[in-house]
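A short reminder: the numbers here are calculations on the coordinates, not readings from a lab. Everything numeric in this text was worked out from a predicted model, so none of it was measured. Glycine gets a Cβ as well: all are built from the backbone with ideal geometry, and neighbour counts include every protein chain shown.
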Protein chains: 2
Amino acid sequence: MGSADIPTPVIRRLPLYLRALMFLLDEAQEIISSEELGKKLGISPAQIRKDLSCFGEFGKQGTGYEIKHLREQLKRILKVDREWGIALVGAGALGHAIAHYEGFKNRGFYIAAILDNDPQKIGKKIGDLEVMDSRLLPEVVREMGLQVAIIAVPTSEARKVADALIASGIKAIINYAPITLNVPPGVQIRCIDPVTRLQNMTYYL
Amino acid sequence: MGSADIPTPVIRRLPLYLRALMFLLDEAQEIISSEELGKKLGISPAQIRKDLSCFGEFGKQGTGYEIKHLREQLKRILKVDREWGIALVGAGALGHAIAHYEGFKNRGFYIAAILDNDPQKIGKKIGDLEVMDSRLLPEVVREMGLQVAIIAVPTSEARKVADALIASGIKAIINYAPITLNVPPGVQIRCIDPVTRLQNMTYYL
DNA sequence: TAGATTGTTAATCGATTAACAATC
DNA sequence: TAGATTGTTAATCGATTAACAATC
């Protein structure tokens, strides 16, 4: 690959830029400067320019950035210029909330399948999708060509589910169980645990 | 205050240490070395020792850390050696999932009140709590002495809700709407947006 | 004591910021 | 052109790591 190694903090910020640009486009704004974008995001303008310069020259001196163009570039860089299907494992309250979440729309993702191991839940419909038996995971992942999954099961089952996902060929996982899961190289994982975020804030109170 | 300024990455890691220690105690482990803890968390042992040394000397040379003792120290440092009541705003699918979440238990938090502006939802019960009218927010926050809140409303309402929370005296906010909210100094805010996390991972695929 | 692991210092590494020439 | 803002360099700042004396 021609692309040099980009610092991870840069990659963490790009989705925030993209999110802000999508929002601005909804409000029909066409151009934005690094100054204005920085103010909206609480990030320094120099930081934004430096981050973007890792990938090319997307702005125009004296003017700023054409929002639609920058959005397309960011989508391409982040590989969300396509739609990734997600395997959602867990059809409890959290699974329902994720299945009904509006925020995936136009951001590169959709729920492709919902799985659970509870016979009470298997076969039930959530929105347009029928909850499938967890045991079908390998087939579902292969047949639908899924690479992304979300773990929304109880903590006690999260490790087992992660192993099954990885064995099935999933390459990117969002884990909602409050536990650190170790994954092999080549597999991405991120944990969403509101309590660690809360504990982080209370330190400062 | 006697406490010097602690680097923010340190404060971000402490809740992870605490979470791992709680888990180990459940499994009846009593002692752990920075080496072993680091392996579990994917963090270098030197990092862990350095982080902890910001606050005191909690270990014993040649042995490691007494887990129960370190847990108590971390709880104290993070101010979760008490229980913080949370004002949960939004009683939709996400609000339900949060209200039923088991993960708050023993980690310093509980849902103290649930509010919504939808007459259809007001008065309905979620677990033990009755959904209250959002307009009662200032009274609820004051009377219950709440400092922490969670925003689980549609994106279009998030800004308004955040302003109301801050006006009511809330000092720490978890925002589930995929939008950057600007808050005044002295108020902590963290955004939980699974899609930015997903977009971060797809970059690496 | 011998072995192990901490707490801490110094060195390295990496990220952010300031500043300005380039240029629209 | 004059004014504005980018892209980029160099300087600053901060965080991580390596190494080891202290000590249990």
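In table form, for the structure just shown:
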| item | result |
| --- | --- |
| Trypsin sites (Lys or Arg not before Pro) within region A:124-186, DSSP loop, no more than 13 other Cβ atoms inside 10 Å | A:Lys124 |
| Copies compared at A:Pro119 - label distances in nm, ascending, label defined 7 Å from Cα in the Cβ direction | 4.5 |
| Pair B:Cys54, A:Ile6: separation of 7 Å Cα→Cβ label points (nm) | 2.8 nm |
| Cβ-derived FRET efficiency at R0 41 Å, B:Asn182 paired with A:Asn182, nearest 0.05 | 0.65 |
| 5 angstrom amide H check on A:Cys191, placed H, neighbours 5+ away | A:Asn175 |
| Theoretical FRET efficiency, 1/(1+(r/R0)^6), r = Cβ-Cβ of A:Glu30 and B:Arg190, R0 30 Å, to 0.05 | 0.45 |
| Helical mean residue ellipticity (222 nm; -39500 (n - 2.57) per DSSP H run of 4+; nearest 500) of the protein assembly as shown | -13000 deg cm²/dmol |
| GluC sites (Glu not before Pro) restricted to DSSP loop in region A:14-115 with at most 16 other C-beta within 10 Å | A:Glu27, A:Glu30, A:Glu57, A:Glu83 |
| Position B:Glu30, label points 7 Å along Cα→Cβ, spacing to each other copy in nm (shortest first, one decimal) | 7.3 |
| Sparse-neighbour loop sites [chymotrypsin sites (Phe, Trp or Tyr not before Pro); region A:1-76; at most 11 other C-beta within 10 Å; DSSP] | none |
| Simple label model, 7 Å out from Cα along Cβ direction - B:His100 to B:Ser44, nm | 4.4 nm |
| Relative contact order of region B:32-110, defined on C-alpha pairs under 8 angstrom at six or more residues apart (%) | 24 percent |
| Residue of chain B nearest the B-to-A rotation axis [by Cβ], rounded angstrom distance | B:Ala97, 2 |
| For region A:55-205: relative contact order, % (alpha-carbon pairs under 8 angstrom, 6 or more apart) | 18 percent |
| Partner lysines for A:Lys60 [C-alpha distance under 17 Å; skip if fewer than 8 residues away on the same chain] | A:Lys50, A:Lys68 |
| Tensor-based shape of region A:21-91 (alpha-carbon gyration tensor, a/c under 1.5 rounded, otherwise prolate or oblate) | prolate |
| Computed log₁₀ I(q)/I(0) - Debye formula, equal Cα scatterers, no solvent, chain A, q 0.11, 0.17 Å⁻¹ | -0.64, -1.19 |
| Candidate lysines - alpha carbon under 27 Å from B:Lys171, same-chain residues fewer than 8 apart omitted | A:Lys39, A:Lys40, B:Lys75, B:Lys79, B:Lys105, B:Lys121, B:Lys125, B:Lys160 |
| HN-Hα J in Hz across region A:119-125 - Karplus 6.51, -1.76, 1.60, θ = phi - 60°, x for Gly and Pro | x, 4, 9, 4, x, 5, 9 |
| Three-way shape label, region B:123-184, alpha-carbon gyration tensor, a/c 1.5 | oblate |
| Cβ-vector label at 7 Å, A:Met144, separations to other copies in nm | 3.7 |
| Point-to-point label distance, A:Lys124-B:Phe23, nm (Cα→Cβ direction, 7 Å offset) | 2.8 nm |
